1. Zone of R173 (label point 7 Å along Cα→Cβ, backbone N under 15 Å): which residues in region 217-245?
2. Using a cut-off of 10 Å between beta-carbons, work out the net charge of the residues near D188 (Lys and Arg +1, Asp and Glu -1, D188 not included).
3. Once the other residues with Cβ under 12 Å from the Cβ of I238 are scored (Lys, Arg +1; Asp, Glu -1), what is the net sum?
4. Does region 140-225 come out rounded, prolate or oblate by the C-alpha gyration tensor, with a ≥ b ≥ c the root eigenvalues, rounded set by a/c under 1.5 and, if not, prolate when a/b is larger than b/c and oblate if not?
5. Please identify which residues in region 206-247 have an amide N closer than 20 Å to a label point set 7 Å out from the Cα of D196, following the Cα→Cβ vector.
6. Around S59, which amide H atoms from residues at least 5 apart in sequence, or from another chain, sit under 5 Å from its own amide H, with H modelled in the peptide plane?
7. Near the amide H of V127, under 5 Å away, which other amide H atoms are found, from residues 5 or more places off or on another chain, if H is placed in the peptide plane?
8. When the Karplus curve 6.51 cos²θ - 1.76 cosθ + 1.60 is applied with θ = phi - 60°, which whole-Hz ³J(HN,Hα) does each residue of region 178-188 get, with x for Gly and Pro?
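Values in this text are rule-based calculations from the coordinates and carry no lab data. In this text, all values refer to a predicted model and were calculated from it rather than measured experimentally. Virtual Cβ from ideal backbone geometry, glycine too; neighbours counted across all protein chains shown.
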Amino acid sequence: MKMSDEKEPKKFTKHAPQDGSASLTPKLLYNKNVARPSHAEYARTIASKMHVATLCTVSERAEGFPYGSFVTYAMHEGNPVFLISQLAEHTKNLILDSKASLLIAEHGEGNPLAHGRVTLVGHCTLVPDHERDAVKECFIEIHESAKAYCDWDDFGFYKLKVDSIRFIGGFGRMSWVNESKWFDAEPDPMIESAEDIVEHMNDDHSDALVLYCKAMSKATETTEAVMTTIDRYGFEMIATTTEGQHPIRLAFKNQVDSSESARIELVKMVKEARKLLKSE
């Protein structure tokens, strides 16, 4: 069954307060319509940058119970591919029942539930001969050590053909991603440089982050700010005020695709923030 972000199947319970209960959502201190990646783009980015995950198969030994195992993977045309041994328990399970899911989770400091993750659901089968070379090249590019055993007789490449996608981007940000949107989406071009930029901004330009919050959001009493993520559309911060910590997202006027283009936009925004604060 195909699941999309337009409709939530009734058999799945939304991760939200029950009807009539109080919401713990904090007051939003930035424009809720600010440009940001779609859930499909977020999910594709997570899947493209994290190369280890938990593969869940239908256990033969445990009589149909889910069996989770640690695997390495690469993304090939929107589908995860694996190089797995015929001796592995998950391979034995897949031979009997191809139904599977893959849980991919971001890692970072703080509460692990605040980080993004995506679950891909579908059928996982042996890659046909005519696709093997392309899949092998894709996998080896990510996992170079696999060159040593990828052609052994007891190893094979498997592909999870994605049918359903569940995205969770942290607290209160989640959806079933439409399958066509998943395959149409592109991973964020800042995927390789984002971590270095975030570290650099927090280490060397924390004063600029405070300026952004004071001038370009409703967190005008910000005393400290930490950048948490950056993408082609903008960046996110945690601002500290007298009322506590608040998430802030700001958008670039021009999309970025490299460290240099991001630097240019960030410098422009510092200059603009100073002008805005000076004019008050």
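1. Answer for this model: 226-239.
2. -2
3. Taking every other residue near I238 into account, the sum is -2.
4. Oblate, since a/c reaches 1.5 and b/c is not below a/b.
5. From region 206-247, the list is 206, 227-236.
6. When sequence neighbours closer than 5 places are left aside, the close amide H contacts are G64, F65, Y67.
7. The list, which skips near neighbours in sequence, is F157, Y158, K159.
8. Here the 3J(HN,Hα) series is 4, 4, 5, 5, 4, 6, 7, 5, 10, x, 5 Hz.
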